[in-house]
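The values are calculated or read from the model by the stated rules, or taken from the named source; none is laboratory data. Keep in mind that this is a model prediction, so the values were computed, not measured. Here Cβ is always computed from backbone atoms with ideal geometry, including for glycine, and neighbour counts include all displayed protein chains. Keep in mind that these areas ignore ligands, DNA and RNA; they rest on the heavy atoms of the full protein, side chains included. Shrake-Rupley method; radii C 1.70, N 1.55, O 1.52, S 1.80 Å.
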Amino acid sequence: MCGIVGYTGSGSRSASASGSGGGSAAVREAQDGDAAGLAVSTRPLEMVLEGLKRLEYRGYDSAGVALVGPGSEHVAAAKKAGKLVNLQTELSEHPLPEATAAVGHTRWATHGGPTDGNAHPHLADDDRLAVIHNGIIENFGELRQLLAAEGATFRSETDTEVAAQLLAREYRAAGDLTAAMAATARRLRGTFTLLAVHADAPGTVVGARHDSPLVVGLGEGENFLGSDVAAFVAQTKEAMELGQDQVVTITPTSVTVVDFDGRPAEGKRFTVDWDAAAAEKGGFDSFMDKEIHDQPHAVADTLLGRTDSSGRIVLDDLRIDESVLRAVDKIIVVACGTAAYAGHVAKYAIEHWCRIPVEVELAHEFRYRDPIVDAQTLVVAISQSGETMDTLMAVRHAREQGAKVVAVVNTNGSTIPRESDAVLYTHAGPEIAVASTKAFLAQITAAYVLGLYLAQLRGNKFPDEIAATFDELRDMSRKVRTVIERGEYVRATARSMAGADKVLFLGRHVGYPVAMEGALKLKELAYIHAEGFAAGELKHGPIALIDEGQPVFVVVPSPHGRDQLHSKVVSNIQEIRARGARPLVIAEDGDDDVRPFADEIFWIPKAPTLLQPLLAVVPLQIFAMALATAKGLDVDQPRNLAKSVTVE
Ligand code: M6R
């Protein structure tokens with residue numbers, strides 16, 4: 001949810017020569033002398049603002065920064081409700097001093113409305129301490145009462161301010177910010193990443209994480225903290241993943257990790273495998289448009305390296321014993337939102353190829369319904385961010401019940417893969433727009449690979465059948481590009497429908513999750529009531545929604561595909577048309593059966609039925625984006641949403 005950035009240093013490379021170097025993951029106690037050699041500059045503020053710009057997709061209810069430098073009496077802070085641009089305006093009118101360390105925050109509101117007062121950072125200890133936070137502190141009520149009884153006064157309605165006051169109290173007792181942060185973390189229940197700076201430690205940023213993300217960026221003469229690597233990837237690709245329940249202390253020349261009991265701990269180093277340009281708009285009007293155009297690559301890259309020279313599928317990263325995978329008698333996909341619709345597509349493919357029953361469960365429902373899970377169950381957790389709290393909790397619950405968990409995740413260094421038995425990374429690159437597009441295609445692609453791998457392992461299909469399907473899958477990247485190239489017709493249709501207030505979506509078989517995803521895209525981007533239905537369900541109720549001129553998207557399966565599927569959907573189109581609907585049809589090139597009954601047809605290349613979702617969803621993505629744009633809405637940052645949902 002919220003985006004968090006921390007920075008210390010001045011960017012001067014010589015600063016690293018004296019220490020173990022910011023580029024080292026070595027654990028080193030911060031030296032007392034570190035503060036003495038600190039040079040103030042504008043870089044700390046510049047770095048946190050740049051980080052916030054890249055993390056703003058995580059929340060945009062408010063933004064704020066806090067800075068410290070040698071000799072400063074107080075933390076210097078600024079914060080503003082609304083998007084980052086409001087904070088930038090505030091800073092241009094009321095500049096902050098040069099500094100040696102800084103923290104920055106972009107908020108998705110939980111406790112307390114999106115006001116200036118509730119914006120982070122929150123100050124304490126006579127304004128010498130500043131704290132920012134991502135997550136929810138569940139025991140904040142009782143802590144607030146306790147602190148108030150001891151004389152603390154509060155200036156906001158947030159749970160974060162309680163953490164700030166508690167940290168101030170622990171700091172007064174311990175005299176050391178790292179020890180105080182560990183002591184504070186031990187007192188908190190819920191989920192949190194906390195970052196703090198104190199005027200007493202002008203070159204230091206301290207962070208703690210429990211069930212919320214935090215990664216370290218390792219620079220030269222400078223170090224970074226961020227909710228994800230986007231915060232610092234323009235400066236360094238060297239990063240360190242932190243474990244659960246750890247406190248990290250960064251200075252310009254050191255990174256120190258301890259657990260919540262103060263015992264030395266270690267982070268895990270990795271190199272970010274995409275560059276900052278991948279997280280830029282690259283000449284497109286929006287990240288969403290750029291990410292739609294990235295989709296051919298997302299599909300192709302997710303398939304790269306998955307076969308050996310003989311064409312057999314190899315999943316080196318799937319560290320689950322083959323005998324365990326052969327014994328699996330049920331698969332449960334857990335995911336949320338778009339990722340769950342990818343899971344629905346996976347169900348059709350895996351059941352067909354492997355003859356294993358597959359259930360798809362919204363992750364937040366799974367955990368609370370006492371699911372039947374055992375050692376023969378394979379749970380597949382799908383998540384772009386790898387941080388979705390609902391999905392993470394489902395993963396933990398499944399493992400507690402003895403199931404093996406495979407994570408299908410896009411973000412390196414995230415929590416869900418670390419807590420799973422195995423991971424199958426999608427290679428969509430960074431997805432910045434809140435509405436998921438390329439991650440969806442990459443998730444479906446990875447699910448196909450997993451399904452084919454299981455079919456190969458369990459002998460459900462002959463090797464040549466698997467190789468043929470894999471070849472068809474490889475060809476999908478080219479076909480996705482063709483659909484994107486045909487996008488202008490979709491855009492024009494969307495522009496002509498900017499006044500629509502209700503749009504329905506129908507599909508059968510794998511077209512059903514595509515219909516639901518099309519509806520979700522339209523809801524979240526254009527704020528239009530949109531519903532996706534299984535076409536066969538129409539006559540059981542939803543057909544009552546149809547009146548004169550009602551736009552209804554229909555995903556038509558391949559006429560060359562499964563028995564009767566195509567003709568049933570063509571009949572459904574006729575049924576709605578007879579009741580005045582305006583059918584907007586997605587159909588395969590050359591499908592003459594649909595022509596007489598469609599108001600508009602969005603053609604997609606021929607593809608095997610099970611693979612068609614990779615193509616059919618693309619016009620729906622383009623439609624939602626173009627319609628929202630025609631309404632003057634921000635397609636990258638729709639209202640009330642955040643990219644990564646790290647609260648339950
Ligand atoms: O990061 P995840 O894939 O776990 O996120 C899951 C959903 O929150 C996400 O797909 C959401 O539905 C998107 N905004 C849809 O566009």
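Would you check if there is a residue in the stretch 617-625 being of a type in the set (F, W, Y), within 16 Å of the ligand (Cβ to nearest atom), part of a helix (DSSP H, G or I) and not assigned by TED's automatic domain parsing to the domain that holds E387? Yes - at least one qualifying residue is present in the stretch 617-625.
With the requirement that a residue be in contact with a Phe, Trp or Tyr (Cβ under 8 Å, 6 or more places away or on another chain) and either more than 13 Å from the ligand (Cβ to nearest atom) or modelled with pLDDT under 95 (or both), what does the stretch 371-397 give you? Hit for the stretch 371-397 is H397, nothing else. Selection over the stretch 83-113 of residues that are touching a Lys or Arg at 6+ places or on another chain (Cβ under 7 Å) and farther than 15 Å from I4 by Cβ gives a count of 2. For H427, state whether it is part of a loop (DSSP other than H, G, I, E, B) and at pLDDT 95 or above. Criteria not met by H427.
Being open to solvent by 10 Å² or more (accessible area, probe 1.4 Å), under 30 Å from S477 (Cα atoms) and within 16 Å of the ligand (Cβ to nearest atom) is true of D636. Considering the stretch 532-550 alone, what residues qualify as being outside any helix (DSSP H, G or I) and surrounded by 19 or more Cβ atoms within 10 Å (Cβ to Cβ)? Matches in the stretch 532-550: G532, F533, I546. The numbered conditions (1) open to solvent by 30 Å² or more (accessible area, probe 1.4 Å); (2) within 16 Å of the ligand (Cβ to nearest atom) are all true for R491 except (2).
Does V569 count as open to solvent by less than 10 Å² (accessible area, probe 1.4 Å) and under 16 Å from L504 (Cβ atoms)? Considered against the rule, which asks whether it is open to solvent by less than 10 Å² (accessible area, probe 1.4 Å) and under 16 Å from L504 (Cβ atoms), V569 comes out as yes. Here the condition is being assigned to a strand (DSSP E or B), under 32 Å from the mean Cα position of the chain (by Cα) and of a type in the set (G, A, S); of A196, A183, it holds for A196 alone. Against the criterion of being buried (at least 19 other Cβ atoms within 10 Å of the Cβ), farther than 24 Å from D294 by Cβ and within 16 Å of the ligand (Cβ to nearest atom), V405 qualifies.
Applying a threshold of 6 Å to beta carbon distances and a minimum spacing of six or more residues, or different chains, the list of pairs starting in the stretch 435-451 at a residue that is more than 12 Å from the ligand (Cβ to nearest atom) and ending at one that is open to solvent by 10 Å² or more (accessible area, probe 1.4 Å) reads V449/R306; G451/W353. Exactly one residue out of H364, H344, H427 is under 15 Å from the mean Cα position of the chain (by Cα), within 16 Å of the ligand (Cβ to nearest atom) and surrounded by fewer than 24 Cβ atoms within 10 Å (Cβ to Cβ): that is H427.
For the stretch 141-157, a residue qualifies if it is open to solvent by 50 Å² or more (accessible area, probe 1.4 Å) and in contact with a helix residue (DSSP H, G or I) (Cβ under 8 Å, 6 or more places away or on another chain), and the qualifying residues are R144, E150, R155. Evaluating L584 against the criteria (1) without any contact (Cβ under 8 Å) to a residue 60 or more places away in the chain; (2) open to solvent by less than 20 Å² (accessible area, probe 1.4 Å); (3) part of a strand (DSSP E or B) leaves one unmet condition, (1). Against the condition more than 18 Å from F440 (Cα to Cα), in contact (Cβ under 8 Å) with a residue 24 or more places away in the chain and surrounded by fewer than 17 Cβ atoms within 10 Å (Cβ to Cβ), how does A630 come out, does it pass? The answer is yes for A630.
Residues that are aliphatic (A, V, I, L, M), buried (at least 23 other Cβ atoms within 10 Å of the Cβ) and in contact with a helix residue (DSSP H, G or I) (Cβ under 9 Å, 6 or more places away or on another chain) are absent from the stretch 89-98 altogether.
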